[in-house]
Amino acid sequence: MRLKVWLSFPFVFTGVAASELCLDRYDYIVVGGGPGGLTVANRLSEVSGISVAVIEAGREVFNNPNVTSVDGFTTALNTAIDWQYISTNQSYASGQTLAYHAGKALGGTSTINGMTYVRAEKSQIDSWGAIGNAGWSWDDLFSYYKKSESLTLPTAAQLSSGVTFVPNDHGESGPLKVGYPYGLLNGSFHTVVENTWQALDLPHNPDVNGGSVRGYTIWQSTLDMVANVREDAARAYYYPVELRPNLHVFLNTTVNRIVWGNSDGAAVASGVEITFSNGSISILKSRREVILSAGSLRSPAILELSGIGNPSILDKYGIGVKVDLPGVGENLQDQPNNNFISSTNSTFNGSIVYVAYGSMPDFFDDWDANINISSYAESVSAAINNTIAAASLEYLFGIQYKLLQNGIPNAETIMETTLNLGLGPNGLLVSPFWLLMPFSRGNVHISSRDPKVYPTINPNFFLVDFDLKVQMALAKWTRKFLATEPMKSLITAEVSPGFTALPENATDAEWESWVKTAFSSNSHPLGTAAMMPRKLGGVVDGKLKVYGTENVRVVDASVMPFQVSGHLTSTIYAIAEKASDMIKEAM
């Protein structure tokens, strides 16, 4: 039986005296037990004599079948281990509210996500350095991508199912196991998909994880192929080292706010106020640093509850201003997700992880003429009460625009899965798609000084009309793919939305109405504690330290200043690996 040491309330312990466990002061306190937090906790606790505490609001899910299942990864959504956030009414998207999924468990969102392992594009990471973050480039981060990863080589059957990869792009000895599901579709389906994309002039990409994303490919997943279970952050970074005496994890415990010590200059964190599952409140003290890794929707809320943020928001809830930092909670970026569902004339006996990444010219004719970044910046600044100046946004949008001009993919289309829902003898092909780099920006802010109250989440989907045009063009491209040979020969009907709801020759008005009413959030929020200069609305510097503080850092997706053309998980692990080295260098 696996020996464990858990700290929660009441304390649960095995083989260690309670007096040894019940510390009230640690060198480093990590808030959040997801990919960022557990990576940092693992690496810092490698240093003997350094004590690390991780505070996680959820519980252990090591044997939760909703988590471990490779085939049914979405079964954990809307359960007790999902925070189940809800957005505000989206003013530019027919007024609907949207669900936001985030993991509330040891392992964080890696316990409930789609297990996708796709890194960002090279020039996207380079842009982080270009806006003023020294030491951040693809070359700087690539070694950390590889350091975190342990790729399991594909089997002969997987290779025959279309898997390709570039060995030099991957790590072989990192904590995070990456591989391919055993249930890859057999037969010729991958050839059909590849030939169809080639007919649309989209090339095959042998491996998206080398920094060039465009093309059709079969991606890697965060899974343990030997055990055939999901590889979440806890399995990768915590369980193998859980018996380290200097690493303590508090479960079912929430962080209310950072506690400050006395200082004449920059604010100095002395610890955190926590609430145990029984409602009792305590102070956990820190000798060195408090590291927020609670995610893009919660880290900024903790900062605001601690007095760091926009004074107009803090004053509203009677919170004293410790650091005037208006960028906290701003710059929220997410991707809208629509999908087509098709019935097929084939019986599929496996899962699909086939994806296509397209650049603007692949699916959007004359797109360059539709760009007006100055007006976009003015619209976004006005929508967020000028918290970030239009001039700053125009500068940032200019960088994003150049990325698109240089061919960075802005479209993702997935042949996600096949289902049999009793609608016929064969499966259904589900094809989700989304634009990758929206110009729209929103925010997340506290709605009460009570830390139990969820923050207000407003991504402002389609605030910038160009995003809507891109999503419409991508929808047409995806439907065109499904109607192009040889894929067309497998499709018997479009089940959803169907040609009655969205005619084959739909007008732009009909496309617009469908996109705005049928999309969901991609639950890929980032940017709310952005790593960029303070004058641009940044929250953390290039060392991930919160401006105006001496010893508070943020290590999660909220520090990423721009959306990426991959998925977030792989980059969060890499950021956390790099952050760990930066923290060690400062010891």
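The values are calculated or read from the model by the stated rules, or taken from the named source; none is laboratory data. What you see is a predicted model; the values in this text were computed from it and never measured. With ideal geometry, Cβ positions are generated from the backbone for all residues, glycine too; neighbour counts draw on all protein chains shown.
Which of the strands (runs of 3 or more DSSP E) contained wholly in the range 215-292 include at least 2 residues that are touching a Ser or Thr at 6+ places or on another chain (Cβ under 7 Å)? Where strands (runs of 3 or more DSSP E) fall fully within the range 215-292 and carry at least 2 residues being touching a Ser or Thr at 6+ places or on another chain (Cβ under 7 Å), they are 247-250, 254-260, 269-275, 281-292. For the range 172-211, a residue qualifies if it is touching a Leu at 6+ places or on another chain (Cβ under 9 Å) and β-branched (V, I, T), and the qualifying residues are V178, V192, T196. Restricted to helices (runs of 4 or more DSSP H) entirely inside the range 137-213, those with at least 2 residues that are crowded, with 18+ Cβ neighbours inside 10 Å are 138-148, 189-199. Looking for something among the charged types (D, E, K, R), within 16 Å of the chain's Cα centre (by Cα), assigned to a strand (DSSP E or B) and at pLDDT 95 or above - is there at least one such residue anywhere in the range 81-93? For the range 81-93, residues among the charged types (D, E, K, R), within 16 Å of the chain's Cα centre (by Cα), assigned to a strand (DSSP E or B) and at pLDDT 95 or above: present.
Summed over the range 356-391, the residues that are among the polar types (S, T, N, Q), part of a helix (DSSP H, G or I) and more than 15 Å from N443 (Cβ to Cβ) give a count of 3. Among residues of the range 319-344 that are closer than 17 Å to F433 by Cα, those with a Cβ under 7 angstrom from a residue that is of a type in the set (D, E, K, R) and surrounded by fewer than 24 Cβ atoms within 10 Å (Cβ to Cβ), sequence gap 6+ or separate chain, pair up as F340/R479; F340/E494; S342/E494.
For the range 329-352, indicate whether the set of residues that are touching a Pro at 6+ places or on another chain (Cβ under 9 Å), part of a loop (DSSP other than H, G, I, E, B), within 30 Å of K584 (Cα to Cα) and small (G, A, S) is non-empty. Yes, the conditions are met somewhere in the range 329-352. With the structure loaded, tell me whether D71 is among the acidic types (D, E), at pLDDT below 95 and either in a loop (DSSP other than H, G, I, E, B) or surrounded by 14 or more Cβ atoms within 10 Å (Cβ to Cβ) (or both) or whether it fails that test. Yes, satisfied.
Just one of the listed residues (A57, A53) is at pLDDT 95 or above and in a loop (DSSP other than H, G, I, E, B), and it is A57. When restricted to residues that are within 26 Å of N460 (Cα to Cα) and buried (at least 22 other Cβ atoms within 10 Å of the Cβ), the range 105-124 contains 10. Say whether the condition of being assigned to a helix (DSSP H, G or I), surrounded by 22 or more Cβ atoms within 10 Å (Cβ to Cβ) and touching a strand residue (DSSP E or B) at 6+ places or on another chain (Cβ under 6 Å) is met by at least one residue in the range 305-315. There is at least one residue in the range 305-315 that is assigned to a helix (DSSP H, G or I), surrounded by 22 or more Cβ atoms within 10 Å (Cβ to Cβ) and touching a strand residue (DSSP E or B) at 6+ places or on another chain (Cβ under 6 Å). For the range 127-136, which positions are touching a helix residue (DSSP H, G or I) at 6+ places or on another chain (Cβ under 8 Å) and surrounded by 18 or more Cβ atoms within 10 Å (Cβ to Cβ)? Passing the criteria: S127, I131, W136.
If you go through the range 247-266 and keep only what is touching a residue at least 40 places away in the same chain (Cβ under 8 Å) and over 30 Å from the mean Cα position of the chain (by Cα), you end up with S263, G265, A266.
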